[in-house]
Structure formats: C-alpha cells, structure tokens
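Report on the following structure.
Bear in mind that the values in this text are calculations on the coordinates, not laboratory data. Not measured: the values here are computed from a predicted model. Here the Cβ positions follow ideal geometry from the backbone for every residue, glycine too, while neighbour counts run over all protein chains shown.
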Amino acid sequence: MKLTVCRKEHFNAAHRLYNQAWSDEKNAEIFGKCSNPNYHGHNYELIVKLSGAIDPETGYVYDLKKLSDLLKTEILDRFDHKNLNLDTEEFRHLNPSAENIARVIWDILRPNIREDLELAVTLYETERNFVEYNG
Ligand code: NI
C-alpha cells in the first residue's frame, strides 16, 4: 500500500527568461515580456509530494513538520525574495523557467529524503500555469 503526503509552500522571486547564447533581439522574440531586461516577479506556489508506505509505528509516511523544516532551509531560504538570475548560483547560467526551477528544487530535495519515498514537485508560476517534475 502506498500513500502520498503533500506540503504546500510559497515564495516570491524575480526572474528574467534569458538564453545567454542568444542576442537580446532573439530573447525578446522567443520570450516576449518574460525577457524584460529589468526582470519581473512571480508568487510561486510549490507543492512537494512524498509517496511511500505508512510506518506502522508512527502512522506517518513522512513527518510533515520535518518536510516543512527541510523546505524552509533548503528551498525558501535559498529562493524567497531573491532575483533568481542574479542572486542564486543555481540560475546564474540556467534559464529560470518554471520547468528548470522545478527540476532544480527536485535535485536539491532528493538527497535529503529517504530513497524508499517517491518525490514529486509541482510548481505554480501563475494561478493557471504550473509544471510537474517527478525525477
Ligand atoms: Ni516570468
């Protein structure tokens, strides 16, 4: 039997969609307003899901307080109220699209979570646009 526990978090960050290999004109053509040189912000909603067996001793799949602490120290402290392009190592040379942000978050979390648990990351960039990454 497998069950999924979920934790929802929120962070604000600025970014600019930008491919360093392209001219400013091509970036503007492909990314439009999202490539505005002076950046723009999003209210990101992050949902992290862990799937696995229920521990018969605790009744938990994973202690959600522990997951909350992990997301705070590893993700929110790193990205909240940051300019992703300028302030973070992860996106200095990686285009901070929602897809890449979800992948980076998954890669940061994976080594911190027991191997027998499946990890899934959902990232909402707007209310209507979101991406999912399961590794
Ligand atoms: Ni954007």
**Report entry** Relative contact order (%) - criterion: Cα under 8 Å, at least six apart; region: the chain
**Finding:** 31
Report summary line: Semi-axes in Å, largest first, for the chain (Cα gyration tensor, √(5λ)) are 32, 13, 12
Query raised in the report: Roughly how big is the chain's charge dipole about its Cα centre, with Cβ charges of +1 (Lys, Arg) and -1 (Asp, Glu), in debye to the nearest 20?
Result: 160
Report task. Just tell me which aspartates and glutamates come within less than 20 Å, Cα to Cα, of K66; anything on the same chain fewer than 8 places away is out. Result -> E9, E45, D55, E57, E74, D77, D80, D107, E115, D116, E118
Report task. Give a quick list of trypsin sites (Lys or Arg not before Pro) in segment 1-49 that DSSP marks as loop, anything other than H, G, I, E or B, with at most 11 other Cβ atoms within 10 Å. Result -> K2
Query - Structure-based [θ]222 nm, the chain - -39500 (n - 2.57) summed over DSSP H runs of at least 4, per residue, nearest 500 - result: -6500 deg cm²/dmol
